[in-house]
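A short write-up of the structure that comes next.
Every number in this text was worked out from the coordinates using simple rules, so none of it is lab data. The model shown is predicted, which means the values in this text are computed figures rather than measured ones. Don't worry about glycine lacking a Cβ; one is built from the backbone with ideal geometry, like all the others, and counts go over all protein chains shown.
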Amino acid sequence: MARTVFLDVNETLSDPSSLSPLFTSLGVRGETPSTWLAATLRDGFALSLSTGARSFAEVARATLTTLLSAQEHRAGTVQDGVERIMSGFSSLPVHDDVVEGVRRLRSAGHRLVALSNGTAEYAEALLGRAGVVDAFDACTSVDALGVWKPDRRTYEHALSSTDTAAADATLVAAHPWDLHGARAVGFRTVHVDRRGTSWPAVFDAPDVRVRSLTDLEL
């Protein structure tokens, strides 16, 4: 049965680990691209829940500035480091399994939609570099809503903007919190767990768990 498959973007499709050599060259110790992005999500969630969401790039810059300013062995200025990392972030590759996985989903007749806490333009550029933007029917963002996923309104907006019933929607994501939020709205959920981690017991279990997008069959 053909479905509308929403795919999260940051860390689900994009591969931030490619920034690790840059972090090292800047003298960053004890932090990784993943911990920086986790801090970005933390602060973005806090803003979304309190005074209103800010753009992903704005929050990412702020958390990166804090991270770099705490580095005693930093190479260069904080501002230079921020600019270099943000430039690298804007040109990330996708994970190795994404191109084949996306093509398989499309060939199976599913409708594909990118769904991001970042901008739609960022998602389009990422998919364009990977050569799979043509496989997607749309790239959608939370920007206009003033809230970030996992606020239920983001998933409801994704459904309404694509004329999709929740019963016909699947979210594919690497983040358990994202899948928990989508499941509460009625989505079917797929956890892409490339590291083989245990599922957080506080969240509703996903319908499917896979180690790679190429393992996913809907």
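In region 24-71, which residues are aliphatic (A, V, I, L, M), more than 23 Å from Val147 (Cα to Cα) and touching a residue at least 12 places away in the same chain (Cβ under 8 Å)? Answer for region 24-71, where residues must be aliphatic (A, V, I, L, M), more than 23 Å from Val147 (Cα to Cα) and touching a residue at least 12 places away in the same chain (Cβ under 8 Å): Leu26, Val28, Leu67, Leu68. Taking region 132-218 and the strands (runs of 3 or more DSSP E) fully enclosed by it, the elements with 2 or more residues that are surrounded by 19 or more Cβ atoms within 10 Å (Cβ to Cβ) and in contact with a Lys or Arg (Cβ under 8 Å, 6 or more places away or on another chain) are at 169-173, 188-192. Checking each residue in region 67-95 for being among the β-branched types (Val, Ile, Thr) and within 25 Å of Leu126 (Cβ to Cβ) picks out Val82, Ile85, Val94. Suppose the filter is under 25 Å from Gly52 (Cβ atoms) and touching a residue at least 12 places away in the same chain (Cβ under 8 Å); does His191 pass it? No, not satisfied.
Considering region 110-131, the residues that are touching a Lys or Arg at 6+ places or on another chain (Cβ under 9 Å) and not polar (S, T, N, Q) include one that is nearest to Asp8 (Cα to Cα), namely Leu115. Within this structure, Ser87 fails the test of being under 20 Å from Ser18 (Cβ atoms) and not in a helix (DSSP H, G or I).
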